[in-house]
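The structure appears right after this line, and notes come after that.
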């Protein structure tokens, strides 16, 4: 593990001009502005551009390379599995060797890490036979948090090959499940490679407080103050609640050395869960039954909504590099998230555009979470404060 880097404004904000006047600019964490930058970057390939939805037709890897850094909150995508070798799924038979497929996926992993916000998330669907190798590959750029097992329970008569095949002919357990790798962006400099941990350590030092002092100010310790919750947060073991973060924000700003702190939604990775939902890493959403116009790799809307709702805030940007029939885009819009879909097949790209156009949410104005958390827009900020806020929000 490399030694922690010093806290450098220009290292973290290489694209922000030294003396740009930001006095009349919106907050630098604005999802609205990020969405506009994405639109401008891929405009030649867009076949649909709505207030909250973009659909691009083309090879997603070069398209992905055009996207701005740290502009997306969630990558939820379903690339070709390679191992299944289905000829009706574009790209599923494109690679003769596993290694060639993995090298191709490695290029995506690098770009996904680049375009994700530091508190973003990744869901990548894959075949069970490839999930272990993809985990190792992704671990160079991400903390792989879960191997979700999607078991696809179906009613009798709708089990496809599971019901038809001869069980006595099996030479291994029948591969009825699929995998979904769930990951967060990784960064060096702390025990668990957590971007939030690095942010907290840097801003605490900027404020001139020790871990013990900050812990005492927010009361996040037991009978004896050994650094308490702040120590765990800076190791990347866990993250503060919204209430704890607000206490910490107040304590840091009271030092007079930190003029501005980013909102909770810009630094803490969202994960919203309760006992009424699929909270384990085994998901039991039924497969999509055949219907006219069904994409051969279509995933259930309820499962996509579950993933999006748990890991994003309203107004966030959800990216799908393998758009298929547009299920991810529709799920995102239903939950009032912005969506960017990329699809290489012109017929399916047009189908996504048509389905998105029919979604009433496509043109309804969405607010960024930092703006609508309390029902009010963030105040305008002067240039110096804007640059200081950028230092915290853009991440590594």
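The values are calculated or read from the model by the stated rules, or taken from the named source; none is laboratory data. Fair warning: this is a prediction, and the values are worked out from it, not measured in the lab. Every residue, glycine as well, gets a Cβ built from its backbone with ideal geometry; the counts of neighbours run over all protein chains shown.
Annotation note: of 41, 56, the sole residue that is in a helix (DSSP H, G or I) and either crowded, with 17+ Cβ neighbours inside 10 Å or at pLDDT 90 or above (or both) is 41.
So if I check each of 370, 390, which one is modelled with pLDDT of 50 or more and in a helix (DSSP H, G or I)?
Answer to the selection: 370.
Kindly evaluate residue 258 against the criterion of being surrounded by 24 or more Cβ atoms within 10 Å (Cβ to Cβ) and in contact with a helix residue (DSSP H, G or I) (Cβ under 8 Å, 6 or more places away or on another chain). Taking the combined requirement at face value, the residue does not satisfy it.
Residue count for segment 131-149 satisfying the condition of being surrounded by fewer than 20 Cβ atoms within 10 Å (Cβ to Cβ) and farther than 20 Å from residue 197 by Cβ: 7.
Where helices (runs of 4 or more DSSP H) fall wholly inside segment 202-313, the ranges with 2 or more residues that are closer than 24 Å to residue 152 by Cβ and free of Cβ contacts under 8 Å to residues at least 40 places away in the same chain are 301-311. Entry remark, segment 113-124: residues being crowded, with 21+ Cβ neighbours inside 10 Å and either more than 20 Å from residue 70 (Cβ to Cβ) or free of Cβ contacts under 8 Å to residues at least 60 places away in the same chain (or both) number 1 in total.
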